[in-house]
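J.: The following block contains the structure, expressed as structure tokens.
The values are calculated or read from the model by the stated rules, or taken from the named source; none is laboratory data. This structure is a prediction, so every number in the text was calculated from the model and none was measured. Here Cβ is always computed from backbone atoms with ideal geometry, including for glycine, and neighbour counts include all displayed protein chains.
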Amino acid sequence: MVRLYLVGFMASGKTAVGAELARLLERPFVDLDAVIEEQVGASIQDIFERRGESAFRDLEHQYLCQTEAIEGGVIATGGGTMVFERNREVIRRQGLSIWLDPGLETILARLARSWKSDRPLYLGDEQTRNLYNRRLDAYRMADLRVTSPPEATARSVAARIELLLRERSCGI
């Protein structure tokens, strides 16, 4: 079974959709950021503040490589994972990438409703727009793109992904 890597910007729904998709497909689910926090014993925010983004990206790559051991897993990556070529190579080699793209306005609305302090790269709407636009080319390299309306639930997006995977006949 192919591993499924959910990629996309912060607040695009990778964790929520990933958990639903894993439940639907009866597969293991891994949230890469949660694994890093558990293994390091610190929040992503703390890692960024104490060690810097470069150290975090090295940890992210290290733990991404370890997902090879998760047969058929659904893996929610961090918002910046897909930006780095070395990570894209790992994902390409180990599975299928699925870009969750609810659109920037939906992302901004979600960020406005959520606790932003656990998102080290959230620096306000204008900076978020700039970061989103800088990352778009990397997200566009994903194998599949799944758009969704603002009212979509994690369950409905997961069901749509399952349908797309069946249509692709990619061994799910």
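J.: Only residues that are in contact (Cβ under 8 Å) with a residue 40 or more places away in the chain, surrounded by 14 or more Cβ atoms within 10 Å (Cβ to Cβ) and acidic (D, E): list them for segment 23-52, please.
T.: Correct list: D31, D33.
J.: If you don't mind, there's one more thing I want to ask. Provide a single number: the residues in segment 76-93 that are buried (at least 16 other Cβ atoms within 10 Å of the Cβ) and either under 25 Å from L108 (Cβ atoms) or not hydrophobic (A, V, I, L, M, F, W, C) (or both). First the steps, then the outcome.
T.: Of all residues in segment 76-93, those buried (at least 16 other Cβ atoms within 10 Å of the Cβ) come to 76-83, 87-88, 90-91.
Add one more test, that the residue is either under 25 Å from L108 (Cβ atoms) or not hydrophobic (A, V, I, L, M, F, W, C) (or both), and what stays is 76-83, 87-88.
Counting residues in segment 76-93 that are buried (at least 16 other Cβ atoms within 10 Å of the Cβ) and either under 25 Å from L108 (Cβ atoms) or not hydrophobic (A, V, I, L, M, F, W, C) (or both) gives 10.
J.: F9 is checked against (1) assigned to a helix (DSSP H, G or I); (2) of a type outside the set (K, R); (3) under 23 Å from A154 (Cα atoms) and fails just one. What number does that condition carry?
T.: Checking F9 against (1) assigned to a helix (DSSP H, G or I); (2) of a type outside the set (K, R); (3) under 23 Å from A154 (Cα atoms), the one that fails is (1).
J.: So which residues in segment 12-49 are part of a loop (DSSP other than H, G, I, E, B) and more than 13 Å from V157 (Cα to Cα), if there are any at all?
T.: Within segment 12-49, E26, R27, P28, G41, A42, S43 meet the criteria.
J.: Using the structure shown, decide if I107 is at pLDDT 95 or above, touching a helix residue (DSSP H, G or I) at 6+ places or on another chain (Cβ under 9 Å) and among the β-branched types (V, I, T).
T.: no
J.: Which residue out of G72, G95, G52 is farther than 22 Å from L131 by Cα and over 15 Å from the mean Cα position of the chain (by Cα)?
T.: Every option except G72 fails the conditions.
J.: Charged (D, E, K, R), modelled with pLDDT of 95 or more, under 21 Å from S12 (Cα atoms) and in a helix (DSSP H, G or I): is that true of R57 in this structure? Before you say what the answer is, go through the steps one by one.
T.: Working: charged (D, E, K, R): yes; modelled with pLDDT of 95 or more: no; under 21 Å from S12 (Cα atoms): yes; in a helix (DSSP H, G or I): yes.
In short, no.
J.: Just name the residue that is surrounded by the most Cβ atoms within 10 Å (Cβ to Cβ) out of those in segment 110-143 that are modelled with pLDDT of 95 or more, among the hydrophobic types (A, V, I, L, M, F, W, C) and within 30 Å of A69 (Cβ to Cβ).
T.: So the residue we want is A142.
J.: What are the residues in segment 59-85 that are touching a Ser or Thr at 6+ places or on another chain (Cβ under 7 Å) and of a type in the set (V, I, T), if any?
T.: Result: I75, single match.
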